[in-house]
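The values are calculated or read from the model by the stated rules, or taken from the named source; none is laboratory data. None of the values given here were measured: they were computed from a predicted structure. As a convention, Cβ positions derive from the backbone with ideal geometry for all residues, glycine included, and neighbour counts pool all protein chains shown. The protein model used for the area step is the full one, side chains on, heavy atoms only, and it has no ligands, DNA or RNA in it. Shrake-Rupley method; radii C 1.70, N 1.55, O 1.52, S 1.80 Å.
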Amino acid sequence: MMPLVIGIDMGTSGARAVAMRPDFSIAGQSAVRLDRFGQDPRAPSAWWRAAQAALTELLWGIDRASVRAIAVDGTSGTLLPVDATGQPLAEPLMYNDKVAEGDILAAIARDAPDASAAHGATSGLAKALRFQHLPDIAAVLHQADWIAGNLSGRFDVSDENNALKTGYDVGARRWPDWIAATGMRMDLLPDVVEPGDVTGSLAAAAAELFGLSRNVVVVAGTTDGCASFLATGATAAGDGVTALGSSLTIKILSDRPISAPRFGIYSHRLGNAWLAGGASNSGGKVLAQQFPLARIIELSAAIDPATETGLDYYPLSIPGERFPIADPTLPPRLAPRPADDTDYLKAMLEGMAAIEALGYRRLAELGAPALTSVRSVGGGAANPAWTDIRRRKLGVDFLPALSDEAAAGTARLALRGASKAGLL
């Protein structure tokens, strides 16, 4: 009987689950939208119902007796306060919610090191400081922590990747002393382990609910962004992953941490390696403002990617850029516009490829290894003309992504945990 592990991805629109074999092949997958339940998608009960439905659907298609481990990823920076039994005490603050209290932000700005990912109104620490005065509070947890807690019964543990924006020091592997100086109650912060570490076994209620053995282990997960990187199969220093979605995001595996707050760059720890990256305001959103998807597909088929338009575009939808140029006033550059729509689209794709190449160079300037290969995910990865333009601009090997499902990356962590526990 081939053993299986399961990764659960809690995204912004729903939950996905993947069953994986020890050779990283996929044995099954499922997806459930949050809006299926008619609840507020911000409600923890909606998260759990979606995760529960995705896992139940997945289990119907596999041999559940083969399952050895489960891990969960969630949106980075989403926090909720819970009591001693794990019951939420207030509406969560989501990854993009901002804390407006000036005293909280001032305390973090005063005490946090410049390189800390806890700076800013959307940081996990800012949200924890807001929650800590609630009656009966026992812990502040990240989204993935809480969902995993519903499986294991533990509501006191997190992983290094989710804890980063709450101020965790991934280099020293501890909650640093400066956090207490901000006024944060340190007893409310969860214990932190490495992604892929076993945190417990299925609680009796969860085992009964899903028809699984109580010997199934629950493994520390990660953030959705880190899970997406792991899913591609990138494993060596210099491996890069470009996400071509509504924005253009690049990540590279490094042998050392990279920190550049002015570019929004900090590093997640993955074992003894580091994952650094940045996000540009350019990307598919700009293309969608100019052409409908069907027109983009039609025009792309007519592009000759081996030649240059000679136009020097910096495609942005509105002024302002964060990476690889940190300039909140940087204007879009989309002129002159050629008469031919094919050339106009081609020039935009060239401009985005140039931004991508500059991004990887910027990371190298900051101490990351030189780019050696790229794997691509997101809708833009399916555009052959754009791929050829990018290949020419980057000058490195383009490798296939094994998966673009974050749940598959989290399943890889579940495999790591099962292996550590001697279950494979």
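Averaging 1/r over every pair of different alpha carbons in the range 295-424 and inverting the result gives a Kirkwood radius of 17.1 Å.
For the chain, the longest principal axis of the C-alpha atoms and the axis of helix 384-394 are separated by about 90°. Rg and Dmax, both from the Cα atoms of the chain and both in Å, are 21.9, 67.
For the chain, the share of DSSP beta bridges that are antiparallel, to the nearest 5, is 65%. The residues of the chain expose on average 40 square angstrom of accessible surface per residue, using a 1.4 Å probe on protein heavy atoms.
Where does helix 102-111 land angle-wise versus the long Cα axis of the chain, in degrees 0 to 90, nearest 10? Between the helix axis and the principal axis of the chain, the angle is about 90 degrees. For the chain, a crude dipole built from +1 on the beta carbon of Lys and Arg and -1 on the beta carbon of Asp and Glu, taken about the Cα centre, is about 300 debye to the nearest 20. One chain, two ends: residue 37 and residue 132. Fully extended at 0.36 nm per residue, the span grows by 31.2 nm beyond their Cα-Cα distance.
Here the range 122-264 exposes an accessible surface that is 49 percent carbon and sulfur, computed with a 1.4 Å probe and the other protein chains kept in place. I'd like the carbon and sulfur percentage of the solvent accessible area for the range 1-71, probe radius 1.4 Å, heavy atoms only, ligands and nucleic acids excluded. That fraction is 50 percent. A simple count of charges around residue 351, restricted to other residues whose Cβ falls under 9 Å of its Cβ and scoring Lys, Arg +1 and Asp, Glu -1, yields -1.
Put the Cα centre of the range 29-105 next to the Cα centre of the range 383-421 and the gap is 24 Å. Springs between alpha-carbon atoms under 10 Å, Gaussian network over the chain: tell me which of 154, 269, 174 tops the mean-square fluctuations. With Cα springs under 10 Å in the chain, the top fluctuation among 154, 269, 174 is at 174.
Quick one: helix 341-365 against the long Cα principal axis of the chain, what's the angle to the nearest 10°, folded into 0 to 90? Its long axis makes an angle of about 60 degrees. Stokes-Einstein diffusion for the range 235-350 at 37 °C, viscosity 0.692 mPa s, with a Kirkwood radius from C-alpha pairs, works out to 208 µm²/s. Normalised by the number of residues in the range 123-195, the mean separation of alpha-carbon contacts (under 8 Å, six or more apart) gives a relative contact order of 40 percent. The distance linking the range 261-311 with the range 125-141 is 37 Å (Cα centroid to Cα centroid, whole angstrom).
Taking 0.36 nm per residue of separation and subtracting the current Cα-Cα distance, fully stretching the chain between residue 180 and residue 90 would add 30.1 nm. With all protein chains in place and a 1.4 Å probe, the accessible surface of the range 290-359 carries 61 percent carbon and sulfur.
Each Lys or Arg adds one and each Asp or Glu takes one away; over the other residues whose Cβ falls under 14 Å from the Cβ of residue 19, this sums to 0. If the segment from residue 24 to residue 213 were pulled out straight at 0.36 nm per residue, it would be longer than the present Cα-Cα gap by 65.8 nm.
Working note: Debye formula, equal point scatterers on the alpha-carbon atoms of the range 217-275, no solvent; log10 I(q)/I(0) at q = 0.13, 0.26 Å⁻¹ is -0.35, -1.25. Pairs of Cα atoms nearer than 8 Å and 6+ residues apart set the relative contact order; for the range 199-310 it is 17 percent. Using R0 = 51 Å, the C-beta based FRET efficiency linking residue 361 and residue 13 works out to 0.95. Farthest toward the positive end of the dipole of the chain, out of 195, 349, 236, is the Cα of 236, where the dipole comes from beta carbon charges about the Cα centre.
Can you give the relative contact order of the chain as a percent, counting alpha carbon pairs under 8 Å and 6+ residues apart? Answer for the chain is 18 percent. Under a model in which nothing but the beta-carbon of Lys, Arg (+1) and Asp, Glu (-1) is charged, the range 229-333 shows a dipole of about 420 debye around its Cα centre. With K and R counted +1 and D and E -1, the other residues having a Cβ less than 13 Å from that of residue 173 yield a net charge of -4.
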